[in-house]
Amino acid sequence: MLAGIDTHKDTLAVAVIDDRGRPVAVTELANTETGFDALEELLRRHQVARVGIEGSGNYGRGAAVRLVLTGGLEVVEVPSSLTSRERTARPARGKTDPGDAVAIARITAREPGLPPVRLPIGQAADLRALCDYRTQLVAERTALASRTHAELHGLHPG
């Protein structure tokens, strides 16, 4: 069995498919620790071996980390471009979160080369977070200096 997860701020749309790509279970869970518990139980109950997640670096980070650390599952990242292409191939169904979860599961089944989810932990992740924070601080300082300069120019041109 394989699973696909479409991640959102508050919810996770989850689909479990069989080896022929037919949905066995499609549900929506909370994107919280309680939802992660239910997700683990759902995957264990259906003996899922491989899970594809769209957005494991954003809204799906918590679920992805939880599944990787739990062990026993291959957890891969599914690019949104592949999901969009899969949805376009089945235009009658339209865009729904459960439909996207099924599409992600089918992509997970047919694409053996999907990259594994990388955990955002360790020194490299810490340095990345610090660099991102510094970049944000520099941008804020630049915006503040520009706004101050514009106000001063308005009050006293030249």
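The values are calculated or read from the model by the stated rules, or taken from the named source; none is laboratory data. Note that this is a predicted model, so its numbers are computed, not measured. Backbone-built Cβ (ideal geometry, glycine too); neighbour counts: all protein chains shown. Note: accessible area is taken over every heavy atom of the protein model, side chains too, but ligands, DNA and RNA are not part of it. Shrake-Rupley method; radii C 1.70, N 1.55, O 1.52, S 1.80 Å.
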Please work out if R106 is in contact with a helix residue (DSSP H, G or I) (Cβ under 7 Å, 6 or more places away or on another chain), modelled with pLDDT under 75, assigned to a helix (DSSP H, G or I) and surrounded by 10 or more Cβ atoms within 10 Å (Cβ to Cβ). no
Of the residues E33, E40, E28, only one is among the acidic types (D, E), closer than 21 Å to A103 by Cα and without any contact (Cβ under 8 Å) to a residue 60 or more places away in the chain; which? E40
Specify the residue that is surrounded by the fewest Cβ atoms within 10 Å (Cβ to Cβ); the eligible residues are those in the stretch 10-28 that are under 14 Å from the mean Cα position of the chain (by Cα) and closer than 16 Å to V75 by Cβ. L12
Kindly check whether there is at least one residue in the stretch 21-38 that is of a type outside the set (S, T, N, Q), in contact with a helix residue (DSSP H, G or I) (Cβ under 6 Å, 6 or more places away or on another chain) and under 11 Å from I104 (Cβ atoms). no
Suppose the filter is acidic (D, E), touching a Ser or Thr at 6+ places or on another chain (Cβ under 8 Å), touching a residue at least 60 places away in the same chain (Cβ under 8 Å) and at negative phi; does D100 pass it? yes
Filter the stretch 42-78 down to the residues that are of a type in the set (D, E, K, R), more than 15 Å from A25 (Cβ to Cβ) and not in a strand (DSSP E or B), then identify the one that is least open to solvent (accessible area, probe 1.4 Å). R66
Given the residues D126, D132, which is the only one that is part of a helix (DSSP H, G or I), free of Cβ contacts under 8 Å to residues at least 60 places away in the same chain, under 18 Å from Y59 (Cβ atoms) and open to solvent by 70 Å² or more (accessible area, probe 1.4 Å)? D132
What are the residues in the stretch 44-62 that are aliphatic (A, V, I, L, M) and touching a strand residue (DSSP E or B) at 6+ places or on another chain (Cβ under 6 Å), if any? V48, V51, I53
For the structure I just gave you, tell me whether L119 is within 29 Å of M1 (Cα to Cα), of a type outside the set (D, E, K, R), surrounded by 10 or more Cβ atoms within 10 Å (Cβ to Cβ) and free of Cβ contacts under 8 Å to residues at least 60 places away in the same chain. yes
